[in-house]
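Below is one structure, written out as C-alpha cells; comments come after it.
The values are calculated or read from the model by the stated rules, or taken from the named source; none is laboratory data. From a predicted model like this one, the values you see are computed outputs, not experimental measurements. Positions of Cβ are generated from backbone atoms using ideal geometry, with glycine treated the same way; all protein chains shown enter the neighbour counts.
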Amino acid sequence: MLGLLAVNWRLSPTKLDLFVWHKSTGMLVLTLVAIRLAWRATHPPPPWPSNMPRWERIAAGVTHGLLYAVMIAMPLSGWVVSSAAGVPFSIYWRIPLPSIVAPDRHLAEVAAGVHFGLGVALVALLVLHVGAALRHHYVKRDDVLVRMLPWRKTSR
C-alpha cells in the first residue's frame, strides 16, 4: 500500500520519503522472513489436528510456502527495480544498499511489473490465509487458529 501511495504521490520530498519508507520496510520484511525461516528450521510446528483432511493439510502447506516465497521475492524484485533504475538507496536513510544489477531501463520496467504482481499475489494469499484461519476457528471450531497465537497453547 505504501508503494502505491508513493508511486501516485506528486513529485516532492514527501514522495521520496514515502519511497524510502516503502523500500526500507521491504528490506526489514526480507530480514525478518530470513530470521523466521532460520527459526522454523529448528522449531517444527505442532502437528495438524488429527481430524484435518489431507487436502487441507496440502493447501495449508502450499499456501505457507507461497507466502514465504512471495515475502522473499517481493523485496528482492523491488531491490532489482531500484538497482536497474540506477536509484541509490539507504535503508531508513542510514544503511546504504548496494546495487544488485547494472542500470537497465527495460529490466527496471520488467522487475516493476513482477514486483506489482507479487504484491497482488501477497494480498490474495493473505486473504486466503486469514479466511482459512477464521474458518477453522468459527466454522470448524478446531484449534488451528489458536495454535498460531504466540501467547496461547493448545491442548494437543
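On the given criteria, is A133 among the small types (G, A, S), touching a helix residue (DSSP H, G or I) at 6+ places or on another chain (Cβ under 8 Å) and farther than 22 Å from P47 by Cβ?
Details: among the small types (G, A, S): yes; touching a helix residue (DSSP H, G or I) at 6+ places or on another chain (Cβ under 8 Å): yes; farther than 22 Å from P47 by Cβ: no.
No.
Out of V87, V81, which single residue is at pLDDT 95 or above and within 21 Å of V20 (Cβ to Cβ)?
Exactly one residue qualifies, and that residue is V81.
This table checks each residue for (1) closer than 22 Å to W39 by Cβ; (2) surrounded by fewer than 17 Cβ atoms within 10 Å (Cβ to Cβ); (3) not aliphatic (A, V, I, L, M).
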residue: A60; (1), (2), (3): yes, no, no
residue: S77; (1), (2), (3): no, no, yes
residue: P88; (1), (2), (3): no, yes, yes
residue: R105; (1), (2), (3): no, yes, yes
residue: L118; (1), (2), (3): no, no, no
residue: V146; (1), (2), (3): yes, yes, no
residue: P150; (1), (2), (3): yes, yes, yes
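Among the listed residues I100, I95, I58, I91, which satisfies the condition of being touching a strand residue (DSSP E or B) at 6+ places or on another chain (Cβ under 7 Å) and among the β-branched types (V, I, T)?
I91
Can you pull out every residue in region 128-144 that is in a loop (DSSP other than H, G, I, E, B), surrounded by 17 or more Cβ atoms within 10 Å (Cβ to Cβ) and modelled with pLDDT of 90 or more?
Once the filter is applied, which keeps residues that are in a loop (DSSP other than H, G, I, E, B), surrounded by 17 or more Cβ atoms within 10 Å (Cβ to Cβ) and modelled with pLDDT of 90 or more, region 128-144 yields nothing.
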